[in-house]
Amino acid sequence: MKILTYPFDNSYILKKKRSIKKELLAESGSRIKKKIAVLGGSTTNEIVNILELFLLNYGIEPEFYQSEYAQYWEDAVFGNEELDNFSPDIIYIHTTNRNITEFSVKMSATESETDDMLNAQYKHFEEVWTALKNKFGCPVIQNNFEMPFYRFLGNSDASDYRGKINFINRLNDRFYKYARENDNFYINDINYISAMYGLDKWSDTGAWYMYKYALSTQAIPELAFNIANIIKSIYGKNKKMFVLDLDNTLWGGVVGDSGQQGIEIGHETGIAEGYTEFQSYIKNHKQLGVLLSVNSKNDMENAIDGLKHPDSVLSPEDFVVIKANWNNKDQNIEEIAQEISILPDSFVFVDDNPAERGIVSAQIEGIAVPEITSVEDYIKVIDRNAYFELTSYTTDDIKRNEMYQANLKRSCAEKKFSDYSEYLLSLEMTAMIDKFDEVSLARIVQLTNKSNQFNLTTRRYTQSEMESVFRDDRYIKIYGRLCDKFGDNGIVSVVIGEIKETELHIDLWLMSCRVLKREMEYAMLDKLVEICIKKGIRQIIGYYYKTAKNNMVKNLFTDFGFSRISEDENENSSFVLDISRYENRNKSIKVYNNGGY
C-alpha cells in the first residue's frame, strides 16, 4: 500500500488507521500469522495499532500481547501466566531513556562510581533478555536509547563521564556488543530514528506527562515502521533485486542524445556528484546479496556505452541482466523474473519517470516502486524504505550476483544441446549433501525464510527454532550444496523430516529456484531415502500446503513417485512413499558427503 511506504504522512496514518486496516485485511493474498509480545516501559497502545498496519502491508498478520504499563521487567523476569500462554513468536521491548533508572547527576561522582551505575543498568536489561531467551527462545527486538531532550553539562555532556549523554552512549555500546554475541537479538535503533525525525519533535514532554508516551504521538509511525522492517526481514519478507533505469536515474541526461561524454556522472558538477554517490550506494548492495539489473528504454549499445563511462561506478559486469530495448518496462520485468527464476514482487524498480513508475506499479503486483523525484533524494527515499533490512548475513550473500550471472551462462550453454540429459552431464555437477552442521546453520535459516516458490510447506524457522531441530535426534535434516563447471551455487536445498516410529514426516522441503531442473531435487530424495533405510524407516509422508507462490511444486511428490493420500478443498495434500522398492533418480550429479549421515 503506497500510503505505508516512505515518505508517508504520519498524521494521515494516525487519523485513518481503522480504514487503512480494513482495506489491508480486504486485500487478497496469503499472510503469515505471528504472535508478537510488546513489553513496554511506557504506554504502547498506539504503537501496536500502527505497527499492525505496517506488518499487514508486509504480509504478516500479527496477534499482540501487551504488558501492563511499565511492567516489561516484571513480565520477563518474574513471569506472567498470560504471556506464557500467549507463547510469542517474537518479543519487542519498548524501553527508552525514560527507563534509565540507575543514572543520576552527581558532580562529585568518581569515574568508578559512574561505571558501577552503568553496570547496574546494563545488568537490569540483561536479566530481561536472559529470562526471555531461556523461557521462549524466540527473536527479541530491543530499543537502544535516544538522546535526552536537554544537556545538563552542555557540550561536555557527551565527553564528561558524569554526563547523561556519555552514559547513554556507553550503555548503547553494551547493548550492541550483546547483539553481536547473541543470535536472535536485534536492536531497534531509535537513537537514529529520533535524530532523523528531529529530537525536539520526538521528545514531546507533554505526551509523557499526560499519557506516558515516551515519544510524540506524531512520531509513532516512524517508530512502528522501523520495528516492522526488522520483523519482515526476520521472516524473509525482504526484497531481492534492484531493477534500475539508466537515463536520469543512474546518470544525468540521455546517453542516446548526448553520447557517453555528455552524461552527468563523476565530480565535475553538483548533479554529477549526486549520481556518482547514488551509483556507489547501489553497488554496495551487492555485498548484501542484492541482485542488480537494468531496465531501460535505450539501444543496448548506448546503455553499455553509458555504463562504461570512465567515471561510472557501476559497470556492465555488475548486473545480472541488462534489458535495454524499447519494450514496455513491465514486460521487461516479467522477462527478468522468468530468466533468473525470482518472482517480480521481490524487485525494487527505480525509475525517475513517474509515468513508468505508475505503469509498473499497476501491472506488477507486490513490486516496490519508490517515489524518487530528484537525485538529491534518491538514496534517502530508497534507504528509509528498508527494502533490504539486514538481520542475517552469510558468505553466500556476497557471491549472489556472480551465482546468478553463472546461471545465465548455464542457460546459454543449454541452447547448444538438443538432448537435455547431455546438457546436464556437460555441467559436470557435484553436490555435497549432508546432515546440518553449525557452520551452515545460518545460511540454512536464511534459505528457509527466503524460498517461496520451491517450498512445499513454506514453514519459516527462526535461528533458535532451527537450532532446536539441529539438536533433536527425532529429525532427519539434510542440506545440499551444488557446484558445476560455471561455479559454486552455494547451499541450495534443505529437507527436514520428523521420525514417527517407522515413518518420516516431511516438515520442510525447499530448493533455490536458481537450480531448477538440474536433478538436485532427485539427489536430495536419493540421499533422504538412503538415510531412512539405514534408520529402519519404511515410509516417507510428504505434505503440500498451497500458497500464492508455490504452485510450481504442487505435483512434486507425485513426480517423485509418491501416492496422494488426501487433499482438501484448498488443494492442501498429503502423500506417501513406500521406500522398499525405491530406485535412485539422480543421473547427472556426483554426490559426496562429510560423513554426517
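Taken together, the values in this text are just the output of simple stated rules run on the coordinates, not laboratory data. Computed from a prediction, not measured in an experiment: that's the story for all the values here. Reconstructed Cβ throughout: ideal geometry from the backbone, glycine too, with neighbour counts over all protein chains shown.
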Computed [θ] at 222 nm, helices only, for the chain once each DSSP H run of length n ≥ 4 contributes -39500 (n - 2.57): -12000 deg cm²/dmol
Counting pairs of alpha carbon atoms under 8 Å apart in space and at least six apart in sequence, what relative contact order in percent does the stretch 146-196 give? 31 percent
Suppose the chain between LYS201 and TYR597 were pulled fully straight at 0.36 nm per residue; how much longer would it get relative to their current alpha carbon spacing? 136.6 nm
Could you estimate the translational diffusion coefficient of the stretch 423-462 from the Stokes-Einstein equation, with Rh from the Kirkwood formula over C-alpha pairs, at 25 °C and 0.890 mPa s, in whole µm²/s? 198 µm²/s
Convex hull volume of the chain per residue (C-alpha atoms, cubic angstrom): 183 Å³
Here Rg/Rh (Cα, Kirkwood) for the stretch 279-388 equals 0.92
Sites MET300 and ALA362, calculated FRET efficiency, Cβ-Cβ separation with R0 35 Å, nearest 0.05: 0.85
Descending semi-axes in whole angstrom, ellipsoid equivalent of the stretch 25-99, from the Cα gyration tensor: 25, 15, 8
Mind jotting down a quarter of the surface of the convex hull over the alpha carbons of the stretch 424-509, in square nanometres, one decimal? 6.4 nm²
Relative contact order of the stretch 523-597, pairs being alpha-carbon contacts under 8 Å that are 6 or more residues apart, as %: 37 percent
Using 0.36 nm per residue, how much length does the chain from ILE3 to ASP472 gain when fully extended, once their Cα-Cα distance is taken away? 164.4 nm
Note: the stretch 513-597 at 25 °C, 0.890 mPa s; Kirkwood Rh on alpha carbon pairs; Stokes-Einstein D in µm²/s works out to 172 µm²/s
What percentages make up the Cα-Cα pair-distance distribution of the stretch 256-324 when the bins are 5 Å wide from 0? 3, 17, 25, 27, 19, 7, 1
Gain upon complete extension [SER280, LYS16; 0.36 nm per residue less C-alpha separation]: 91.2 nm
List the GluC sites (Glu not before Pro) within the stretch 511-597 that DSSP assigns to loop and that have no more than 10 neighbouring Cβ atoms inside 10 Å. GLU569, GLU583
Calculate, axis by axis, the spread of Cα positions in the stretch 16-140 along the three principal axes, and write the results as whole Å, longest axis first. 62, 32, 21
In nm², the average projected area of the convex hull spanned by the Cα atoms of the stretch 455-592 is 8.9 nm²
I'd like the projected area of the stretch 166-301, averaged over all directions, using the convex hull of its alpha carbons. Report it in nm² with one decimal. 12.8 nm²
Tell me, what is the percent relative contact order of the stretch 267-391, built from C-alpha pairs under 8 Å that lie six or more residues apart? 22 percent
A correct Kirkwood calculation over the Cα atoms of the stretch 70-144 returns a hydrodynamic radius in Å of 13.8 Å
Write down the radius of gyration of the stretch 31-72 and its Dmax, each obtained from C-alpha positions, in Å. 10.7, 31
Given R₀ = 60 Å, FRET efficiency for ASP437-SER315 by Cβ-Cβ distance, to 0.05? 0.95
Based on the Cα gyration tensor of the stretch 318-472, what are the three equivalent ellipsoid semi-axes, each the root of five times an eigenvalue, rounded to whole Å and given largest first? 32, 25, 14
Translational D in µm²/s for the stretch 118-196 (Stokes-Einstein at 20 °C, 1.002 mPa s, Kirkwood Rh from C-alpha pairs): 157 µm²/s
What fraction of the DSSP beta bridges in the chain is antiparallel, stated in percent and rounded to the nearest 5? 45 percent
Give the residue list of trypsin sites (Lys or Arg not before Pro) in the stretch 125-210 that are DSSP loop and have at most 16 other beta-carbon atoms within 10 angstrom. ARG151
With no solvent term and unit scatterers on the alpha-carbon positions of the stretch 302-349, Debye gives log₁₀ I(q)/I(0) at q = 0.15 Å⁻¹ of -0.47
Mind checking the stretch 251-351 for chymotrypsin sites (Phe, Trp or Tyr not before Pro) that DSSP puts in a loop (not H, G, I, E or B) and that have at most 13 other Cβ atoms within 10 Å? TRP326
